[in-house]
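Note sheet for the following structure.
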Amino acid sequence: MQPIADLDVLQPVSSAPDVAADGLDAPQTLAATADAPNGRRVFIETYGCQMNVADSELVASILGQEGYGLAASEDDADVVLINTCAIREKAEDRVRGRLAKFRAKKVKERPDLQIGVLGCMAERLRTKLLEQEKLVDVVVGPDAYRDLPRLLAEADETGQAAVNVHLSREETYADLAPVRYDTNGVSAFVSIMRGCDNMCAFCVVPFTRGRERSRPVTSILSEVGQLVDAGYKEVTVLGQNVNSYRVEQDGTAVSFAELLYRISLLSPELRIRYSTSHPKDCSDELLHVHRERPTVCDFIHLPVQHGNTDVLRRMRRTYTREQYLDLIDRARSIVPDLSLSTDIIAGFCGETDAEHADTLSLMEAVGYDHAFMFAYSERPHTFAARKFEDDVPEAVKKQRLSEIIALQNATSKARHEARIGRREVVLVEGPSKRSDAQLAGRTDANHMVVFDRPEGVGKGDYVAVEIIGCTSATLFGDFLGRTTLAEASALVA
Ligand code: 5AD
Ligand code: SF4
């Protein structure tokens, strides 16, 4: 799953910058609520992937049902919760720094402040955070959020830390309506499954988020239906590996492709994206849904991780370089205008110069629109930590990563330049970062477009623009007219 990039937004959903995020993007926070019926306000700071953003929305909903309000900042909070990421060491170090800061505040100024760790680090570090570091009052794993109100009350009453890091085989939080992060009411995340059974050699996620389980179809369709009724124009369907979504409904198996198809029937004006897909189970059935359903964006985040078959085998990715490249060819033959993004790891155990060169050549062969690029960081308990030596020197990892980033920046720029002169449909998200006189939004291929604000156009509108310029991160457009998704194919033809 992609890291939170810049909710310009989150990863992995994202208008992620084409650089190594390394888990160090700005944390996400929820908008404050007007009141707090039980007199207590909570501030939730979220690190990591889009799944964590979706989880923080669930946590806000669970606490809201118990009368908690949301605080505008840590300064007006009675409870501070950090939803954490354990995927790379740097991400964990940063959370530790934040916890130490909150702890100092509690000791010096606010003895009643409750501090909690949620999510992947909670699962991984449980007792260490409590016993050795004594930083926190509650520790809650990703499957135990329903227990959070009880744990906060228990910690308050006993003065002792309260913990629940039980991983479930069933919990999907299917019945809960999340409090939406995105206050602009245009795009939302919808979680469809939890956990991961893939056990890639480098990845801690199967240990922190537990076994794979899929949420029932009816609860997903009902949540998306409510978003449509509330005026949302885009959903990003989330899971660690959405392609392995599978449930039984009325005696028939429902695949991810079928689920996506059913979601696309809910509204002709709702754009649909998803993340993350494992290449091993990206099916032709799914590619045909992209081709046949105009609201399913022609954009796939399809992490390759590496360009060399031996490294892919050591990573336990279960496909070869050739199989991945065949998949890309097949995908582009079924969905001709397909845009792709990827995740890439530099400096995995035993990586040679020649193997690294294979990553660069694969990137050139595919021509990704975006990439999330990372230096390998050994994680405890993973297959790689147990079986291989983390033997690529840090300086070499950095050098290889910088070559990967430079190549991706050049490719992103070229992919953008190829769009100049084309007409694109943009879903307006709001004013551009630089100026209120300009609007910004995304194309179907997830490219950010900035254009001068026309009278009467605003967030949530679909507009047609002609692309007139670009950088490696942004396209610039000339406004042509307002449109709808249904009309758009005619307008941009
Ligand atoms: N070191 C570096 N990058 C990692 N990722 C996962 N585990 C590690 C690790 N130990 C990257 C992968 C994954 C993305 C979310 O994070 O590229 O797809
Ligand atoms: Fe980690 Fe691999 Fe699962 Fe993705 S598919 S969450 S990289 S184990």
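Before moving on, here are some points about what is shown:
- Under 5 Å, built H, 5+ apart or other chain: amide partners of Glu429: Ala440, Gly441, Arg442, Gly460
- Our coupling estimate for segment 270-278, obtained by passing each phi through the Karplus curve with A = 6.51, B = -1.76, C = 1.60 and θ = phi - 60°, is 10, 6, 10, 10, 8, 6, 10, 10, 8 Hz, Gly and Pro reported as x.
- Separation of the alpha carbons by more than 31 angstrom is noted, of Lys280/Lys459; Lys105/Lys397; Lys128/Lys387, for Lys280/Lys459; Lys105/Lys397.
- Averaging the sequence gap over all C-alpha pairs within less than 8 Å and six or more residues apart, then dividing by the number of residues, gives segment 423-491 a relative contact order of 30 percent.
- A Förster distance of 22 Å, applied to the separation of the beta-carbon atoms of Ala406 and Asn184, puts the FRET efficiency at 0.05.
- Inter-label distance, nm, simple model (7 Å from Cα along the C-beta direction), Glu89/Ser168: 3.5
- Spin-label pair Thr320-Gln249: with each label point 7 Å from Cα along the Cα-Cβ axis, the two points sit 3.8 nm from one another.
- Here the accessible area is traced with a 1.4 Å probe on the protein chains. For the chain, carbon and sulfur cover 50 percent of it.
- Scanning residues 5 or more positions from Glu212 or on other chains, those with amide H under 5 Å from its amide H are Cys196, Asp197, with H placed 1.01 Å from N in the peptide plane.
- Peptides 428-435, 142-149, 119-126, 385-392 ranked from most to least packed by the mean count of surrounding Cβ atoms within 10 Å: 119-126, 142-149, 428-435, 385-392.
- Whole-Hz couplings from phi, Karplus 6.51/-1.76/1.60, listed for segment 365-380; x for Gly and Pro: 5, 7, x, 5, 6, 9, 8, 10, 10, 9, 7, 4, 10, 5, 10, x
- For segment 433-448, putting each phi into the Karplus relation 6.51 cos²θ - 1.76 cosθ + 1.60 with θ = phi - 60° gives couplings of 4, 7, 7, 5, 7, 10, 10, 9, x, 10, 7, 3, 7, 6, 7, 7 Hz, in residue order, rounded to whole numbers and with x for Gly and Pro.
- Set of segment 401-426 residues, backbone N closer than 12 Å to the point 7 Å along the Cα-Cβ line of Val457: 424-426
- By average C-beta atoms within 10 angstrom, highest first, the peptides 159-169, 456-466: 456-466, 159-169
- Asp478/Val228 FRET efficiency (R0 35 Å; Cβ-Cβ; nearest 0.05): 0.70
- A straight chain from Glu109 to Lys398 at 0.36 nm per residue would run longer than the Cα-Cα distance by 99.9 nm.
- Over segment 31-164, relative contact order from alpha-carbon pairs under 8 Å, at least 6 apart, %: 22
- Dividing the mean sequence gap of close Cα pairs (under 8 Å, 6+ apart) by how many residues segment 187-258 holds gives a relative contact order of 39 percent.
- Sorting the segments 247-257, 268-278 by their residues' average number of neighbouring beta-carbon atoms within 10 angstrom, most packed first, yields 268-278, 247-257.
- Amide proton proximity set for Leu475, modelled H, under 5 Å, gap of 5+: Met448, Val449, Val450
- Segment Glu285-Leu221, length gained on full extension (0.36 nm per residue, minus Cα span): 21.1 nm
- Using a Förster distance of 51 Å, the FRET efficiency for Ala357-Glu466 (Cβ separation, nearest 0.05): 0.85
- Accessible area per residue for the chain, computed on protein heavy atoms with a 1.4 Å probe, is 39 Å².
- Straightening the chain between Glu66 and Glu378 buys 108.4 nm, computed as 0.36 nm per residue apart minus the Cα-Cα spacing.
The values are calculated or read from the model by the stated rules, or taken from the named source; none is laboratory data. Please read these numbers as outputs of a predicted model, since none were measured by experiment. With ideal geometry, Cβ positions are generated from the backbone for all residues, glycine too; neighbour counts draw on all protein chains shown. Heavy atoms of the whole protein, side chains included, go into the accessibility calculation; ligands, DNA and RNA do not. Shrake-Rupley method; radii C 1.70, N 1.55, O 1.52, S 1.80 Å.
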